[in-house]
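Participant: Before anything else, here's the structure in question.
The values are calculated or read from the model by the stated rules, or taken from the named source; none is laboratory data. Keep in mind that what you see is a predicted model, and the values were worked out from it rather than measured. Each accessible area value is taken on the protein alone, full model and side chains, heavy atoms only, with ligands, DNA and RNA left out. Shrake-Rupley method; radii C 1.70, N 1.55, O 1.52, S 1.80 Å.
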Amino acid sequence: MYCNEIRSAYNCLALKDSSRGETTMATTNNASFSFRLPAELKQQSFDIIEKYGFTPSQVFNLFLTEIAKTKTVPLNLSYLKPNETTLRAMQEAESGELEIIHLAEDESIAQALLSDLAKE
């Protein structure tokens, strides 16, 4: 089994024994995870990944490596459009019309909102 160029950076190391001219593979300390996603999303995504010449495992490794190295999530969410409720909340925030809720040290946001509703 040989590692291709990208996989070698993340999953395995090629070790060449110069005395015998043999190449063996040594895997690094890997972990695995699984998650659920809609079948249609999986098929669409994996088809695109394959067209780029990658495997899903390689893409996830690259994605997680980017997160770990940059301490950011490298996503472009510009295709998402806020709904009317979110737009109103954004306008209120920009205009300073928001009510500020102060939390006690051991109080959760849910508790503060519930107690605020009880006062009304």
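Participant: How much length is gained if the chain between HIS102 and LEU87 is pulled fully straight, taking 0.36 nm per residue apart and subtracting their Cα-Cα distance, in nm to one decimal?
Facilitator: 3.0 nm
Participant: Students often forget the sequence filter, so: which lysines lie under 25 Å Cα-Cα from LYS119 once same-chain residues fewer than 8 apart are removed?
Facilitator: Excluding near neighbours in sequence, the set is empty.
Participant: Right, something else. Please calculate how many Å² of accessible area the range 78-120 carries per residue, with a 1.4 Å probe and no DNA, RNA or ligand atoms counted.
Facilitator: That works out to 96 Å² per residue.
Participant: So between THR70 and ALA110, what do we pick up on full extension, going 0.36 nm a residue minus the alpha carbon distance?
Facilitator: 11.1 nm
Participant: From the protein chains alone at 1.4 Å, what is the descending order of accessible area for ASP116, ASP106, largest first?
Facilitator: Largest accessible area first, the residues go ASP106, ASP116.
Participant: Three principal axis extents, largest first, for the C-alpha atoms of the range 25-106, in Å?
Facilitator: 61, 34, 23
Participant: Work out, step by step, the length gained on full extension between VAL59 and SER45: first 0.36 nm times the residue separation, then minus their alpha carbon distance; give nm to one decimal. Spell out each step's value before the answer.
Facilitator: Details: separation 14, 0.36 × 14 = 5.04 nm, distance 1.07 nm.
Working it through step by step, the gained length comes to 4.0 nm.
Participant: Give the cross-link partners of LYS81 among the lysines, using a straight C-alpha distance below 26 Å as the criterion and excluding same-chain residues fewer than 8 apart.
Facilitator: LYS42, LYS71
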